[in-house]
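J.: Here it is, the structure, as structure tokens.
The values are calculated or read from the model by the stated rules, or taken from the named source; none is laboratory data. Keep in mind that what you see is a predicted model, and the values were worked out from it rather than measured. We place every Cβ from the backbone using ideal geometry, glycine too, and count neighbours over all the protein chains shown. We work out accessible area using only protein heavy atoms, side chains counted, and drop any ligands, DNA or RNA first. Shrake-Rupley method; radii C 1.70, N 1.55, O 1.52, S 1.80 Å.
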Amino acid sequence: MHTKIQALKDSISSVIVGKEQPVRCVIAGLLCGGHILIEDVPGVGKTQIAAALARSVGGTFNRIQLTPDVMPSDITGFTLVNQQTFELEYRPGAAMCNFLLADEINRASPKVQSSLLEVMEEQQISIDGATHPLPKPFMVLATQNPVETYGTFHLPEAQMDRFFMRISMGYPTEDEELMILARTEHRNPIRNIEKAVLCPEDILALQAAVQEITVSEPVRRYILRIADATRHHDALVLGASPRGSIALFKAVKANAFLDGRSYALPDDVKVMAESVLSHRLILSPKGKSRYTDGAAVVKDVLAAVAVPVDAS
């Protein structure tokens with residue numbers, strides 16, 4: 001593993017106990033310039049993993065607690081008239097940063113959700129005819145609780161598709177929870193990260209290096225066959241879009257880079273497919289009786305699609 005990536009992983013792990021796959025996915029999302037949706041029950045570390053990433057990488061970090069009364073201007077900012085010069089001045093919103101934690105995104109109104117996801121897609125903010133580019137790198141880590149429905153707004157599938165990955169933290173094991181108790185006994189574990197181990201320029205250089213990872217034609221076709229299988233699966237009414245296959249292609253490169261390889265393997269596809277594709281799928285009524293969620297369908301697809309023998 002690249003020394004800087006190892007330093008980042010170690011820094012995050014000083015706060016987050018265990019959870020190797022979620023941490024890997026968050027780092028992969030960062031390396032691909034993607035945004036992450038962290039969906040899980042309260043209290044399992046959704047906010048902590050976002051804060052640990054932002055604290056480990058230099059740059060600006062903003063957090064916005066989304067509620068029904070939050071306005072789109074809280075995300076994008078607004079312009080006002082300077083009373084001395086009588087000129088329009090832009091006042092930045094929460095999105096003008098390197099890392100934005102959008103807590104409980106499903107509690108925001110559809111209008112606010114749309115403004116946030118537009119910013120994620122365009123990487124810029126346009127207000128009153130002026131365009132304000134976001135700093136690079138820019139990453140949104142949004143959280144939502146899938147259990148509670150009171151006071152929430154469903155995130156439409158077209159908007160879910162904008163997220164590079166969806167991950168779940170899951171409950172810790174007994175030994176992991178014992179370590180969590182020890183770490184939180186005297187202070188918040190986030191204070192274990194005393195200084196950033198990477199700067200934004202490091203991230204941009206690592207992102208460029210990930211783009212150079214080689215993906216052979218057999219692995220590319222393997223990705224496309226998996227995406228196509230979701231589009232014709234009898235348990236789904238909506239399969240993975242081309243945006244989904246592009247995201248999986250990028251994630252495969254990132255996983256190979258994290259493993260210290262200059263080329264991708266079918267195993268990289270298997271590791272990343274569930275996190276990249278599952279939230280892009282919509283189960284049919286028949287599918288809901290057979291599968292618990294989209295992740296179970298992805299596992300079924302991976303078992304059914306033939307793995308390329310010669311992927312070099």
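J.: When segment 255-287 is examined, which residues are found to be within 20 Å of Gln144 (Cβ to Cβ) and surrounded by fewer than 18 Cβ atoms within 10 Å (Cβ to Cβ)?
T.: Answer for segment 255-287, where residues must be within 20 Å of Gln144 (Cβ to Cβ) and surrounded by fewer than 18 Cβ atoms within 10 Å (Cβ to Cβ): just Ile282.
J.: Asp69 - would you say it is more than 25 Å from Gly244 (Cα to Cα), touching a strand residue (DSSP E or B) at 6+ places or on another chain (Cβ under 7 Å) and not in a strand (DSSP E or B)?
T.: no
J.: In addition: Can you say whether Val301 is part of a loop (DSSP other than H, G, I, E, B) and either farther than 30 Å from Asp10 by Cα or touching a strand residue (DSSP E or B) at 6+ places or on another chain (Cβ under 6 Å) (or both), as far as the supplied structure shows?
T.: So Val301 does not fit the description; no.
J.: Identify, please: which residue in segment 170-217 is surrounded by fewer than 14 Cβ atoms within 10 Å (Cβ to Cβ) and among the hydroxyl-bearing types (Ser, Thr, Tyr) and is, among those, farthest from Glu20 (Cα to Cα)?
T.: Here the residue is Thr214.
J.: Separate question: Quick test for you: out of Leu100, Leu117, pick the one residue that is closer than 30 Å to Glu201 by Cβ, touching a Lys or Arg at 6+ places or on another chain (Cβ under 9 Å), part of a strand (DSSP E or B) and of a type in the set (A, V, I, L, M, F, W, C).
T.: Of Leu100, Leu117, the one residue that is closer than 30 Å to Glu201 by Cβ, touching a Lys or Arg at 6+ places or on another chain (Cβ under 9 Å), part of a strand (DSSP E or B) and of a type in the set (A, V, I, L, M, F, W, C) is Leu100.
J.: Among the residues of segment 9-18, is any on the phi > 0 side of the Ramachandran plot and within 14 Å of the chain's Cα centre (by Cα)?
T.: Looking for residues that are on the phi > 0 side of the Ramachandran plot and within 14 Å of the chain's Cα centre (by Cα), one finds none in segment 9-18, hence no.
J.: Here's another thing I want to ask about it. Give all pairs with beta carbons closer than 9 Å in which a residue from segment 168-196 that is under 15 Å from Thr47 (Cβ atoms) and part of a helix (DSSP H, G or I) meets a residue that is among the basic types (Lys, Arg) and open to solvent by 100 Å² or more (accessible area, probe 1.4 Å); count only pairs at least 6 apart in sequence or on separate chains.
T.: Cβ pairs passing all conditions: Ile190/Arg55.
J.: Now for a different question. Go over the candidates Gly244, Gly260 one by one and state the one that is closer than 18 Å to Asp161 by Cα and either β-branched (Val, Ile, Thr) or out of contact with any strand residue (DSSP E or B) (no Cβ under 7 Å at 6 or more places or on another chain) (or both).
T.: Only one candidate qualifies: Gly244.
J.: Can you name the condition, by its number, that Ala52 falls short on among (1) closer than 23 Å to Ala205 by Cβ; (2) touching a strand residue (DSSP E or B) at 6+ places or on another chain (Cβ under 8 Å)?
T.: (2)
J.: Next question, about the same structure. Condition check: within 15 Å of the chain's Cα centre (by Cα) and either surrounded by fewer than 19 Cβ atoms within 10 Å (Cβ to Cβ) or under 18 Å from Arg166 (Cα atoms) (or both). Does Asp69 satisfy that?
T.: no
J.: Report, by residue number, each residue of segment 1-48 that is among the polar types (S, T, N, Q) and open to solvent by less than 50 Å² (accessible area, probe 1.4 Å).
T.: The answer is Ser11, Ser13, Ser14, Thr47.
J.: May I ask you to list the residues in segment 75-86 that are in contact with a strand residue (DSSP E or B) (Cβ under 7 Å, 6 or more places away or on another chain) and either open to solvent by 70 Å² or more (accessible area, probe 1.4 Å) or assigned to a strand (DSSP E or B) (or both)?
T.: Within segment 75-86, Gly77, Phe78, Thr79, Leu80, Val81 meet the criteria.
J.: Is segment 27-49 home to any residue that is more than 11 Å from the chain's Cα centre (by Cα) and small (Gly, Ala, Ser)?
T.: Within segment 27-49, one or more residues are more than 11 Å from the chain's Cα centre (by Cα) and small (Gly, Ala, Ser).
J.: Sticking with this one: Hey, can you tell me all the residues within segment 134-155 that are without any contact (Cβ under 8 Å) to a residue 24 or more places away in the chain and either more than 27 Å from Ala52 (Cβ to Cβ) or touching a Ser or Thr at 6+ places or on another chain (Cβ under 8 Å) (or both)?
T.: Result: Thr149, Tyr150.
J.: Within segment 162-199, count every residue that is touching a Leu at 6+ places or on another chain (Cβ under 9 Å) and among the basic types (Lys, Arg).
T.: Within segment 162-199, residues that are touching a Leu at 6+ places or on another chain (Cβ under 9 Å) and among the basic types (Lys, Arg) number 2.
J.: Quick one: Val307 ticks every box in (1) within 27 Å of Glu212 (Cβ to Cβ); (2) at pLDDT below 90; (3) of a type in the set (Val, Ile, Thr) except a single one, so which number is it?
T.: Going through the list (1) within 27 Å of Glu212 (Cβ to Cβ); (2) at pLDDT below 90; (3) of a type in the set (Val, Ile, Thr), Val307 breaks only (2).
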